[in-house]
Amino acid sequence: MKPKSVAVAAVATLAFVLSATAAEEKTAPAGPPQPRVVYPLGPEALPPRNADPSWLKYEEGLRLFGQKRFGEALVSFKDAIEARASLFDRASQDIEAALAAKEAARAGDSISSLVELLAARDLIPQDLEYIEARAAGSIVAEMGLLRERSPSSPLRGLIDATLLIVEERGLSRIGDSMDALSKAAADLQHYPEAEFGIGRIYLAEGEPRLAELQVLRACDMGGSLEVAGDRYRMLETLAGIYKAQGDLKDYEQSLREIADSSDLFAVRDEYFRNAMERTLAAQGFDKFMTLYRVDDGYATTAYSSLGSLYLEAGRPLAVIYLAAAVNAILTREIGAITADEPDYSFKGLVDLAARIRAGKAMARFASDSGLWHDMVLLGEALAEAGYRDTARELWSVVAANPGPTGPRGRSDPWDKRAEADINKSLNASRLP
């Protein structure tokens, strides 16, 4: 190649390089790449539910209690309480650390806003947009995706604490509120289920006073229950302790706390209850059952126990409580029938009772729930109030029962008692 040709080629090559460099400069972002800020790693993540030491110890306590190994069960329940307190104290600290971050003021009370602001410390905007798109509006999904990126504190702690609390409480009870999250973490440091387990151990070991104090303690922690309705079971146990001790005042009060929490016995429904009672007394049980349904299954035992208590005391209140108990049990039985026969409609107590007795599962539920017991006592309460025709309507159905049945495991022959009540009522009606 000639010297002139070499020079031309060199100039051309240099021009090409300069041109390419200029093009790159036009497309390259201004300034240096955004650095990733590195913070010290936080402690290990909080455990998932199936590895939660407090839950595992609680389950162990239940198993040991079922085996009547009360001493070992007591240790397990106490270990569960201690582990739960430690676990959610740690979650509370993580939440407080996130609230202490400078971003918290901008986030307000929003969990999702605080998560996104803290995530901006660790991730570039493109990564955040990608995660938000994948999460499709779910804050739980977004936190799970962020957690995969091993974020730094305090985001890491906030994510771990939130996911743990959501798994325990459910997102609907927390929403997008940091305040609700903090309160839930504080509540969950208590373990009322395990406290109640200890109370059951004391009761089984013949220590009613210790059992009473322990069950009261568990009831006071009701806001920390995983299933809020479990508090009613605790109150029933407490009522049983008071009854065994002859403390009828506290026995009634515990039962009333259960009953008064139901829709039927709310103060605002007094007119409705009076209408139910008038219908039952004046138009009979079939009309009463056709017009009204009591769907407060959790309160049925309390209704029955209060009705029995008031009947023994000669108080007219017995009628409405026993009527509620009978209606609630029959409403459950009707629900079982309609599950198989959607077109079923109530055709009267005689027909329904025959169906209940013909079905093994329904008959067992009626006996275990105390249906025949409550029907007999309801008849007696109505007879005391002067409504003997309606009372005999109930007794006649129970008297047709082919054998002894009793409430909740007892073996009282309620069919025989119903027959005796019928004869007593007929004899009374013949008196001048």
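Using the Cβ-Cβ distance between Glu226 and Thr290 with R0 set to 41 Å, the FRET efficiency works out to roughly 0.60. The loop-placed GluC sites (Glu not before Pro) in the range 178-266, going by DSSP, that have at most 14 neighbouring Cβ atoms within 10 Å of their Cβ come out as Glu205, Glu226.
Among rounded, prolate and oblate, which fits the range 267-430 when a ≥ b ≥ c are the square roots of the eigenvalues of its C-alpha gyration tensor, a/c under 1.5 means rounded, and a/b larger than b/c means prolate?
rounded
Summarising the amide proton neighbourhood of Ser110: residues at separation of 5 or more, or on other chains, whose placed amide H is nearer than 5 Å comprise Met178. With the simple spin-label model, which puts each label point 7 Å out from Cα in the Cβ direction, the Glu167 to Ala400 separation comes to 5.5 nm. Of the residues Ala105, Ser92, Gly144, the one whose Cα sits farthest toward the positive end of the charge dipole of the range 49-187, with +1 on the Cβ of Lys and Arg and -1 on the Cβ of Asp and Glu, is Ser92. The range 235-267 and the range 271-319 have their alpha-carbon centroids 17 Å apart. Just flag the chymotrypsin sites (Phe, Trp or Tyr not before Pro) in the range 246-310 sitting in loop per DSSP whose Cβ has no more than 16 other Cβ atoms within 10 Å. When the chymotrypsin sites (Phe, Trp or Tyr not before Pro) of the range 246-310 are filtered for loop state and at most 16 Cβ neighbours within 10 Å, nothing remains.
Taking loop as defined by DSSP and a crowding limit of 11 other beta carbons within 10 Å, which trypsin sites (Lys or Arg not before Pro) in the range 87-164 fit? For trypsin sites (Lys or Arg not before Pro) across the range 87-164 that sit outside H, G, I, E and B with at most 11 neighbouring Cβ atoms in 10 Å, the list reads Lys102.
Computed from the coordinates by the stated procedures, all read-outs in this text should not be read as laboratory data. The shown structure was predicted, so the numbers you read here are calculated from the model rather than taken from an experiment. Backbone-built Cβ (ideal geometry, glycine too); neighbour counts: all protein chains shown.
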